[in-house]
1. Could you give the length gained on full extension between Thr27 and Val102, defined as 0.36 nm per residue of separation minus the Cα-Cα distance, in nm?
2. Can you list the HN-Hα couplings for region 108-120, worked out from phi with the Karplus curve (6.51, -1.76, 1.60; θ = phi - 60°), rounded to whole Hz and with x for Gly and Pro?
3. Subtract the Cα-Cα distance of Thr57 and Ser109 from 0.36 nm times their separation in residues, and report this length gain in nm to one decimal.
4. Starting from the amide H of Phe67, placed 1.01 Å from N in the peptide plane, find each other amide H under 5 Å away whose residue is 5 or more places distant or on another chain.
5. Residue by residue, what Karplus-based ³J(HN,Hα) values in Hz, rounded to whole numbers, does region 77-91 have, using 6.51, -1.76 and 1.60 with θ = phi - 60° and x for Gly and Pro?
6. Calculate, in nm to one decimal, what Lys42 and Thr121 gain on full extension: separation in residues at 0.36 nm each, minus their alpha carbon distance.
7. Taking amide H positions as placed in the peptide plane 1.01 Å from N, state which residues far from Asn99 in sequence (5 or more) or on other chains have amide H under 5 Å from it.
8. Near the amide H of Gly117, under 5 Å away, which other amide H atoms are found, from residues 5 or more places off or on another chain, if H is placed in the peptide plane?
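Computed from the coordinates by the stated procedures, all read-outs in this text should not be read as laboratory data. Values in this document were obtained by computation on a predicted structure and should not be read as measured data.
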Amino acid sequence: VQLQASGGGLVQAGGSLRLSCAASGLTFSDYNVGWFRQAPGKEREFVSAISRYGRSTDYADSVKGRFTMSRDNAKNTVYLQMNSLKPEDTAVYYCAAPNAFVYAGRVTSRYQYWGQGTQVTVSS
């Protein structure tokens with residue numbers, strides 16, 4: 001199983017970015033997927049999660065109403081649309097997946113597979 005995150009960059013506060021996470025080596029629809037982020041000097045934190053067919057999503061309170069997670073199983077890809085970005089959203093963003101058919105939700109330790117991360121920097 002391989003996950004590759006992309007789409008990060010530098011954006012001004014109030015701007016938008018869309019992250020992508022491309023998966024390979026798995027039957028993608030068997031896997032729930034999560035996004036996490038880690039800012040310098042801070043622990044990795046949950047951002048959002050999506051169920052296998054996208055019917056259910058969950059968001060951290062800090063991003064609810066600004067971020068939207070979606071997936072396209074035909075393309076083996078999940079997305080994180082980030083709007084109204086704030087400087088405190090600056091972090092390395094990681095996509096992750098637990099074992100097949102497991103819903104890991106917000107629990108970092110339940111995720112088995114991690115992408116390499118993509119840097120998001122929001123300037124004030």
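1. Between Thr27 and Val102, full extension yields an extra 25.6 nm.
2. Rounded to whole hertz, the list is 4, 5, 7, 8, 9, 10, 10, x, 7, x, 9, 7, 10.
3. Extra length available between Thr57 and Ser109 comes to 16.8 nm.
4. Asn83
5. After applying 6.51 cos²θ - 1.76 cosθ + 1.60, I find 9, 10, 10, 10, 7, 10, 10, 6, 5, 10, x, 6, 7, 4, 4 Hz.
6. Using 0.36 nm per residue and subtracting the Cα-Cα distance, I get 26.9 nm.
7. Gln112
8. Distant-sequence amide H within range of Gly117: Ala5, Cys95.
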